[in-house]
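Here's the structure we're looking at; comments come further down.
The values are calculated or read from the model by the stated rules, or taken from the named source; none is laboratory data. Just so it is clear, the structure is predicted and the values come from calculations on it, not from any experiment. Virtual Cβ from ideal backbone geometry, glycine too; neighbours counted across all protein chains shown. Calculation scope for accessible area: heavy atoms of the full protein, side chains included, ligands and nucleic acids excluded. Shrake-Rupley method; radii C 1.70, N 1.55, O 1.52, S 1.80 Å.
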Amino acid sequence: MNLFSRSLSFLPTRSSWILPGLRRRVGQVLGQRSLRQRLALSLALLFFLVLLGVLSAWRMTIHSSGEARLLNHSAAIRMLVWRMEVAHLTGDRKALTEELEECEVRLKPLPLLVENGLLPTDSPWPTLLLQAWPELRAHLEAAPDPENQRWLAQALPSFTGLLDQVVHGLEQDLESSIQTLRWVQGTTLLGALLLTLSIVFHLQQDFFTPLKVLLRSAQAVQNGQFSARISPHQPNNELGEVSNAFNAMVERLSVLYEGLEQRVAEKTRELQHSNHLLQLLYRTATRLTEGDLTQEILLEMLVDVERALDLGPGIVCVRREEDSRAYPLATTLPEIERAALCESLGCSICFGSGHPPTAISEHHVGAVHLVSIPLTGGGQWQGVMPFQVLAGNTLQVWQAQILQTLAGHVATALANARRTEERHRLAVYEERAVIARELHDSLAQSLSYLKIQVSLLQTRLEPKAAPELQATVEELKTGLNSVYRELRELLTTFRLAPGQTSFTEELTSVVQEAKRRCGFDIFLEQRMNNLELGANEEIHLMRLIREALVNIERHAKATWARVTLEANSLRQVELCIEDNGQGWPATASPDGHFGLTIMRERAAFLKGVLTFDARPAGGARITLTFIALTPYTAH
């Protein structure tokens, strides 16, 4: 039996069922590829190898110390043999007896060398020694004689030879044990080295490399790169599970981050959209309140609304409750298209047939989709603001809210503009009333005094005065009467107060008065389509009509006349005054009368075109064409 076998003798003898269970357990651990279990198993194997080496060395030390004692024991027996020979030769019986007893004691354990494995099982030397010992003792105990001496001389070397064989066997066993120990120590060292290298290799492959990849991926995720993923070809251990959990976590974070980005982008778009709408409301409120309300301001507002709310062309239509038709103040449509649209749809589609609308309404007429917003502000209804909805779109709730707010601003601006226009109109009437009072107190009284003086002069003249003098006085009287009548008409016009009568009623009154003075029919036709003129436009237009009717009365020698005043949807006003009289004189302005020149000046003030021509059937005709300003731009 070698040393390695003996070194394992401390293990339990029931290894027949322990080792297969251990192998199964190791196989399970390796199959699971658990980093912790594999590392524990590797360390346990390394500890086992180190323990094996230590136990082998310890066993060898014990075994060597036992064999050294046996060698010393064998040497002592050899020495006793030679001492017993000397004692036999010298006749020292006492010493011989003691040495024989001691040798007897020392020879008895020799068979145990084979049983303990110190000598091979087939070694005969201990048995031969024990067999030779009784005879050798008997000769040593016998009296010394020559024959005995010869026998001892032959037997003692044989006996010591047997001892030498036993010593040689012990030396061989010791050398074999040393070789076995060397082999075990070398194998253990090599196994420990290989196991250490394997541990380092597997730690690098299964721990440090995946850990480095995991660290790089974590740093990438920390920097916001949520597309970083760990390769799926990771070791099937705890780090592999951590990698899978990391990938799942990053995937969820990526989804959450993308969702947050989308929500942030959506909220940003909503805030930007709200900001644009607030800017639209601010620009609209600023435009409508900073200065006078003009058509350009309304057009800019409509363009802004169309761009911001993604709507089609819009119109700002105003109408008083008592009017039957609305009047478009501003539109982004070409005026011809706007007129055609309004003519085809009619005002009732936006304004309704009863009370003024108070809520947003939508209308579908053929391919046209209209949304109409009532202009209500400050408790007053001003009109509507219709917009076309583009094809494929629908009016959203937020669009309706913005439109209502804008409509309130526009309605308030229109109400303020109307109030401003009324104040302006009132200021004009007050100024003209002051002028009328001044004229009445000065010029009118002077003319009245001159008329009285001329009448006295005419009565005091001799009936038979010179005809030239009579004609001069008569001409002076006629001129004074004409000037006085014109002054009275001017005073009547200047004294017209706002709210007393409308322009159409005043025009009717003027025509009726001219009809009474002329003594023939004067027809009046008014088709203004609810077009509201400014204060200055009304006054200049009224004065021009008065002047034309006076000219007909004085110079036309007509039997009828006609006054036609109409306006179209393009805010173009056309005035036509005609008669069937004698037509125009050769000069445009007769001597002493500048009426036609004044009419041209008034037409120039209205930025219109005034023409004088003859009727084909005979008579004269005056035509004035101008573009009426809105009541919000007339001043």
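Has the stretch 419-426 got at least one residue that is in contact with a Leu (Cβ under 6 Å, 6 or more places away or on another chain) and either outside any helix (DSSP H, G or I) or not polar (S, T, N, Q) (or both)?
Looking for residues that are in contact with a Leu (Cβ under 6 Å, 6 or more places away or on another chain) and either outside any helix (DSSP H, G or I) or not polar (S, T, N, Q) (or both), one finds none in the stretch 419-426, hence no.
Just checking, which of 57, 44 is part of a helix (DSSP H, G or I), among the aliphatic types (A, V, I, L, M), more than 57 Å from the chain's Cα centre (by Cα) and modelled with pLDDT under 80?
One residue alone meets the criteria, 57.
From the list 403, 390, 395, which one is part of a helix (DSSP H, G or I) and of a type in the set (A, V, I, L, M)?
After applying the criteria, what remains is 403.
Just need a number here: residues in the stretch 427-439 that are farther than 13 Å from residue 538 by Cα and either touching a residue at least 60 places away in the same chain (Cβ under 8 Å) or surrounded by fewer than 16 Cβ atoms within 10 Å (Cβ to Cβ) (or both).
9
Testing residue 602 on (1) open to solvent by less than 40 Å² (accessible area, probe 1.4 Å); (2) within 21 Å of residue 524 (Cβ to Cβ); (3) at pLDDT below 90, one condition comes back false. Which one is that?
Of (1) open to solvent by less than 40 Å² (accessible area, probe 1.4 Å); (2) within 21 Å of residue 524 (Cβ to Cβ); (3) at pLDDT below 90, only one is false for residue 602: (1).
Within the stretch 613-635, restricting attention to residues that are at pLDDT below 85 and aliphatic (A, V, I, L, M), which residue is most open to solvent (accessible area, probe 1.4 Å)?
Only one residue fits best here, namely 629.
If you take the residues of the stretch 440-467 that are open to solvent by 100 Å² or more (accessible area, probe 1.4 Å) and hydroxyl-bearing (Ser, Thr, Tyr), which of them is farthest from residue 480 (Cα to Cα)?
So the residue we want is 459.
Determine whether the stretch 283-295 contains at least one residue that is part of a helix (DSSP H, G or I), touching a strand residue (DSSP E or B) at 6+ places or on another chain (Cβ under 7 Å) and not aromatic (Phe, Trp, Tyr).
For the stretch 283-295, residues part of a helix (DSSP H, G or I), touching a strand residue (DSSP E or B) at 6+ places or on another chain (Cβ under 7 Å) and not aromatic (Phe, Trp, Tyr): present.
Would you list the helices (runs of 4 or more DSSP H) that sit entirely within the stretch 87-181 and hold 1 or more residues that are exposed (fewer than 12 other Cβ atoms within 10 Å of the Cβ) and at pLDDT 75 or above?
Filter on the stretch 87-181 gives 93-107, 125-141.
Only one of these conditions is not met by residue 382: (1) over 30 Å from residue 491 (Cβ atoms); (2) assigned to a helix (DSSP H, G or I); (3) touching a residue at least 12 places away in the same chain (Cβ under 8 Å). Which number is it?
(2)
Every residue in the stretch 222-240 that is surrounded by 14 or more Cβ atoms within 10 Å (Cβ to Cβ) and either in a helix (DSSP H, G or I) or in contact with a His (Cβ under 8 Å, 6 or more places away or on another chain) (or both), please.
238, 239, 240
Could you say whether any residue in the stretch 408-418 is open to solvent by 10 Å² or more (accessible area, probe 1.4 Å), free of Cβ contacts under 8 Å to residues at least 40 places away in the same chain and either over 18 Å from residue 299 (Cα atoms) or among the charged types (D, E, K, R) (or both)?
There is no residue in the stretch 408-418 that is open to solvent by 10 Å² or more (accessible area, probe 1.4 Å), free of Cβ contacts under 8 Å to residues at least 40 places away in the same chain and either over 18 Å from residue 299 (Cα atoms) or among the charged types (D, E, K, R) (or both).
Residue check: is residue 219 loosely packed, with under 13 Cβ neighbours inside 10 Å, at pLDDT below 80 and in a helix (DSSP H, G or I)?
no
Tally the residues that are open to solvent by less than 30 Å² (accessible area, probe 1.4 Å) and in a strand (DSSP E or B), restricting the search to the stretch 341-377.
Within the stretch 341-377, residues that are open to solvent by less than 30 Å² (accessible area, probe 1.4 Å) and in a strand (DSSP E or B) number 8.
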